[in-house]
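The values are calculated or read from the model by the stated rules, or taken from the named source; none is laboratory data. Since the structure is predicted, the reported quantities are computational estimates derived from the model, not experimental observations. Glycine also receives a Cβ, built like all others from the backbone with ideal geometry; neighbour counts cover every protein chain displayed.
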Amino acid sequence: MRGLAVKGVTKAFGPQEVLRGVDLVVPDGSFTAILGASGSGKTTLLRIVAGFERPDRGEVWLGDELVDDAGSRYLACERRRIGYVPQEGALFPHLSVGRNVGFGLSRQATRRPRVDELLELVGLSGYRRRYPHQLSGGQQQRVALARALAIEPEVVLLDEPFSSLDAALRASVRADVLGVLRQAGTTSVLVTHDQDEALSMADQVAVLRDGVVAQLDTPAALYRHPGDAGVAQFLGEANLIEGEVRDGVATTILGRLPVGGWTGPPSGQARVMVRPEQIELGEVGEGIDGVVASYEYYGHDAVVRIRLERMGVPEPGAPELVVRITGGPPVVAGHRVGLSVRGPVVAWPVRHNKQENSPE
Amino acid sequence: MKREWLDRHHRPGSHRPVGLTVAAVLVSVVVLVPLVFLVVQAVQVGWAELRHLLFRHLTGVLVWNTVSLVVVVTAICAVVGTLAAWFVERTDVPGRRWFAVLVVIPLGIPDFVVSFGWRALFPSIGGFWAAVLVMSLAVYPLVFLPVAASLRSADPAQEEVARSLGLGRIRTFWTVTVGQARVAILGGAILVGLVVLAEFGAFEILGYQTLTTEIYNEFQVGFNEPAACALSLILVLLGALLLVSEDFLRGRGRTARLGSGAARIATRVPLGRARPAALAGLALLVVLALGVPVGAIFSLIVQGGQSTLPPASLWIATGNTFAFGAAAGVVATIAALPIALLSVRYARPGVLALERVNMLVLAVPGLVVALSLTYLTEHFLQSRFYLTDPLLVVAYAIMFFPLAIVSVRAAIARAPAGLEEVGRSLGVHRHSVTWRVTVPLVAPGLAAAFALVFLETATELTATLVLHPTGVETLATQFWAYQSNGSFSQAAPYALVMVLIAAVPGYMLGRWFDRQPERMTQAGAAAVTGTPALVAA
């Protein structure tokens, strides 16, 4: 197995700059998710790694081998040993499942047992003679994965492989695919616009925004310590409020909140992020006063939107807060509550001369 | 490191389809040759003479004869084709499965054979209404096929919503059902118009004078090239008008389906006491459109059948017809590849414009293609190629080129570039991927394209009469020679072979295209008739 590295890769289609200097290191044997909104260039990046497209500038490394330097050095895609699982699977419609899986295996090699072995790996043992149109979406996806793994690739690239599946199927196919990839031990790169998918599957997540990697970190670190407000909002819901930080404590409309990992000057204006699950609801008078604006019940949890009040009067200029609660009795709109914040919050210094990047 | 590095030419990304573009432009130039040399010829004739030819009484009569026929036949076909499609697809009329087959078969019978059959059974018919009758019976399936396909795929929920909003059954039919099928009806009707404009043989047999019959006579009998040229200009202009009107009339209405829920199969309207009447109507249609011509051919063969052995010339003519059809099919299919590849894989405004330019040929009847090529070879090539096999094959390929483009494009769309990429990422070489993935996926569609052009060519009469090499007879020319002499029973076996060649595989192709996206249905519809017509999609 080999790792993968992308250095300073740019790519433009005509006047449109899609990638503007992407740097990304995918460690050997890890599972990395590239998370980005649609149109953020994540598929283009994957296609450059696979060798289907060439970068305008930059380098692509497979292990210690330079496979594309945007100049004369270019290793053709069929020589990279990169397994590619495209959207919708893209199975060859005229070939049976067995022939699809065996497509990249040479004729003489022990093709038949290898195909059977791979089909067993993806849980489709009895399906060798079927044709793609006889399979469900999830089964097609698993055949596509088996086909990619057949050539014993060094790296497997997955291009939004689950987006065409319905929600119920998605979770189980995801788990199956992850299990197979872990078992095979390959270096894997998944491209997705679904943050749940990225956070739940990957060892590390790269957030791609405006053609560059905005942040690369483990899922937990990314969620807890997003590099800026844009990344924070892209990874789940976030309440953003103004505050002033001094000695590791932010003074905000939600009170004085301890700040984790502050990188700004010892004191100054800040943007403070509070995750919805960090806010607790209590009786009026406990903590900050608020009134329930709406209540959405999801079964496993509920989302409450709160308007802040001061002495029974709506706080001017205060944003509506999103609060996620589990259990407890239903709350009614108009109900008065008290708010308190649990745990440290994240804050970024406000730079007055520079506009904050916002997610697409 | 002992890896091979690919040379610059095969790098993705940097790839520009230069070779393809050059090929596509060259093909387009050849396809437009008839149109260009029609204009060149007109310029050489000169405006003074053209004006004299265009503004004489005869021209007025011919234009009136042609246009009135086009209008009436198109209207009748639109009504008959739509009603027949509705009865077959949306009602509980008995035997609708059989009718779905029988109603389409007349499309495979060349128009001049239909005309011949009626003339043989009823020797006294002729004139405007006879032409209307024969043409309507010969070409109404051009409306039936696309409308039936569209009704089959239309969402029944719209009709149900209309009923729930208080509309009666008949108003629902008019506003919703016809509305859903509007684009299909319009496309079919334009095809009918183009076919009637281009038809020659059927009118000649019925003694009905139109632009085409007069052009043919001026050229083949009177050797009056300027007159033929002037009338051809009018004919092409009328065709172009029809083509443009399709874009214009189609409007912005689209059949939108919101959401991804699968449309249900339409429920059928119970006809109740009207069932026998509907059954009788469809049966009458089949008898008139299929029974009369086929019955006439068989009765002629039986009557004239002293010798049970077909003449040797029948086999020779069949062989020639097959040879020309195969050659034209191969040439047109291969010539369509560059443009179809560009339009599927590199769809850009310039490419799509190039594709549309080729569709202009639809407005040029086969007779005009033949005259223009004759003019070209006589005046610019010192009569080299004139009346040779290659020129006739080129003429066929040009006439049926739009058909080839649409079919080849559909074929290529079945093998998206993504599949090739996946194949290569599995470590298989480019050429090997082409052979193992692209070729098997594209081949059936290419075969269909070939078959369409083959069928068209096999039943083509007009251009064949003008351009066939002396002494090389095809089924169509032999048939024509015999029927012109009044030897109907000798002409009948040739007609029968043409019907067999065209109708059976034509019907099967029609069903195949039925399963393709809607756009292809029109190609299929155009294909199984003996016409060069196909509406630019």
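A few comments on the model shown:
- Residue within segment B:2-10 that is more than 9 Å from every other protein chain (Cβ to nearest Cβ), on the phi < 0 side of the Ramachandran plot and at pLDDT 85 or above present: no
- Residue, farthest from the other protein chains (Cβ to nearest Cβ), within segment A:83-123, restricted to residues that are of a type in the set (Ser, Thr, Tyr) and surrounded by fewer than 22 Cβ atoms within 10 Å (Cβ to Cβ): A:THR110
- Between B:ALA184, B:ALA202, the distinction of being part of a helix (DSSP H, G or I), farther than 30 Å from B:ALA120 by Cα and within 23 Å of the chain's Cα centre (by Cα) belongs to B:ALA184 only.
- Test: residue in segment A:284-298 that is within 24 Å of the chain's Cα centre (by Cα) and touching a residue at least 60 places away in the same chain (Cβ under 8 Å): no
- Given (1) buried (at least 21 other Cβ atoms within 10 Å of the Cβ); (2) more than 10 Å from A:ALA33 (Cα to Cα); (3) touching a Leu at 6+ places or on another chain (Cβ under 7 Å); (4) not hydroxyl-bearing (Ser, Thr, Tyr), number of the condition A:VAL207 does not satisfy: (2)
- Residue within segment A:231-248 that is in contact with a Gly (Cβ under 6 Å, 6 or more places away or on another chain), of a type outside the set (S, T, N, Q) and surrounded by fewer than 22 Cβ atoms within 10 Å (Cβ to Cβ) present: no
- A single member of B:ALA85, B:ALA100, B:ALA75 is surrounded by 17 or more Cβ atoms within 10 Å (Cβ to Cβ) and at pLDDT 90 or above, and it is B:ALA85.
- Selection of first residues in segment B:360-383 that are farther than 24 Å from B:ILE190 by Cβ and of second residues that are charged (D, E, K, R) and in a loop (DSSP other than H, G, I, E, B), restricted to Cβ pairs under 8 Å at least 6 apart or on distinct chains, gives the following pairs, ordered by first then second residue: B:THR377/B:ARG384.
- Of all residues in segment B:479-486, none satisfies being in a helix (DSSP H, G or I), in contact (Cβ under 8 Å) with a residue 24 or more places away in the chain and either within 16 Å of B:VAL393 (Cβ to Cβ) or within 14 Å of chain A (Cβ to nearest Cβ) (or both).
- Applying the condition of being assigned to a strand (DSSP E or B) and under 28 Å from A:THR263 (Cα atoms) to segment A:325-353 and asking which residue is nearest to the chain's Cα centre (by Cα) yields A:VAL346.
- Residue in segment B:383-406 that is acidic (Asp, Glu), within 14 Å of chain A (Cβ to nearest Cβ) and surrounded by fewer than 24 Cβ atoms within 10 Å (Cβ to Cβ) present: no
- Residues that are more than 27 Å from the chain's Cα centre (by Cα) and crowded, with 16+ Cβ neighbours inside 10 Å within segment B:435-470 comprise B:ARG436, B:VAL437, B:THR438, listed in sequence order.
- Of the helices (runs of 4 or more DSSP H) lying entirely inside segment B:299-406, those containing at least 1 residues that are modelled with pLDDT of 90 or more and touching a helix residue (DSSP H, G or I) at 6+ places or on another chain (Cβ under 8 Å) span B:312-345, B:366-380, B:389-399.
- Residues of segment A:48-68 that turn out to be out of contact with any helix residue (DSSP H, G or I) (no Cβ under 8 Å at 6 or more places or on another chain) and at the interface with chain B (Cβ under 8 Å from one of its Cβ atoms), as a count: 1
- Sub-6 Å Cβ pairs linking a first residue in segment A:300-325 that is small (Gly, Ala, Ser) to a second residue that is part of a strand (DSSP E or B), at least 6 apart or interchain, are A:ALA302/A:ILE325; A:ALA318/A:LEU308, ordered by first then second residue.
- Among residues of segment A:326-342 that are of a type in the set (S, T, N, Q), those with a beta-carbon under 6 Å from a residue that is assigned to a loop (DSSP other than H, G, I, E, B) at least six positions away or on a different chain give the pairs A:THR326/A:ASP301; A:SER340/A:GLY287.
- Qualifying positions in segment A:124-174 - part of a loop (DSSP other than H, G, I, E, B), on the phi < 0 side of the Ramachandran plot, surrounded by 16 or more Cβ atoms within 10 Å (Cβ to Cβ) and within 14 Å of chain B (Cβ to nearest Cβ): A:TYR131, A:ILE151, A:PRO153, A:GLU154, A:PRO161, A:LEU165
- Residue, farthest from the other protein chains (Cβ to nearest Cβ), within segment B:414-432, restricted to residues that are in a helix (DSSP H, G or I) and of a type outside the set (D, E, K, R): B:HIS431
- Residues in segment B:125-156 that are surrounded by 14 or more Cβ atoms within 10 Å (Cβ to Cβ) and over 24 Å from the mean Cα position of the chain (by Cα): B:ILE125, B:GLY126, B:ALA154, B:ASP155, B:PRO156.
- Positions within segment A:100-123 being under 9 Å from A:ARG147 (Cα atoms), over 30 Å from the mean Cα position of the chain (by Cα) and assigned to a helix (DSSP H, G or I), in sequence order: A:VAL115
- Restricted to segment A:69-82, and to residues there that are more than 7 Å from chain B (Cβ to nearest Cβ) and surrounded by 19 or more Cβ atoms within 10 Å (Cβ to Cβ), the residue that is nearest to the chain's Cα centre (by Cα) is A:ARG80.
- B:PRO440 within 14 Å of chain A (Cβ to nearest Cβ) and assigned to a helix (DSSP H, G or I): yes
- Test: residue in segment A:19-30 that is assigned to a strand (DSSP E or B), modelled with pLDDT of 90 or more, away from every other protein chain (no Cβ under 11 Å) and at positive phi: yes
- Here A:LYS7 passes the criteria (1) away from every other protein chain (no Cβ under 13 Å); (2) in contact with a strand residue (DSSP E or B) (Cβ under 9 Å, 6 or more places away or on another chain); (3) in contact (Cβ under 8 Å) with a residue 60 or more places away in the chain except the one numbered (3).
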